[in-house]
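Visitor: Mind having a look at this structure? Questions to follow.
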Amino acid sequence: MQRSTPGAKHSCADPSWRAVTSHHSGKTEESITADLSVVLNIGQAKTGAPARSDRVARYNYLLQIKTELADTVEYAGWAALDP
C-alpha cells in the first residue's frame, strides 16, 4: 500500500482510475488538500459541503489559487473525469 500522496497518485496511472484528495476530518482550516490537488494535478478535492467555516475556508483557498494561477492553468471541470 502506498503511504505517500505522490505515490498513491502514481498508482492511479491506469486510465480508468482517478485520484481524489480528501480533507482531514477535523475542524481545522488546513489547506493542504487544496495544495496537493493543484501541485499533483489531481483534479478533484473532497472537502465536504460548505456548511462550516473550515470547509468554506478550503473552498475559498481553492478560489484564491485559481485567481493567482489564472493565466497559467485551466480548471478541468468535468473533463477531469474523462479517461
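Every read-out reported here was derived from the displayed coordinates using simple, explicitly stated rules and does not represent laboratory data. Model, not experiment: these values are computed from the prediction. With ideal geometry, Cβ positions are generated from the backbone for all residues, glycine too; neighbour counts draw on all protein chains shown.
Visitor: Write out, first by first residue and then by second, each pair whose Cβ atoms fall under 6 Å of each other, whose residues are 6+ apart or on separate chains, and whose first residue, in segment 44-55, is farther than 18 Å from W78 by Cβ while the second is surrounded by 11 or more Cβ atoms within 10 Å (Cβ to Cβ) and small (G, A, S).
Guide: R55/G48
Visitor: Can you pull out the residues in segment 47-69 that are of a type in the set (D, E) and over 15 Å from H23 (Cβ atoms)?
Guide: Start the filter on segment 47-69 by keeping residues that are of a type in the set (D, E), which leaves 54, 68.
Matches in segment 47-69: E68 only.
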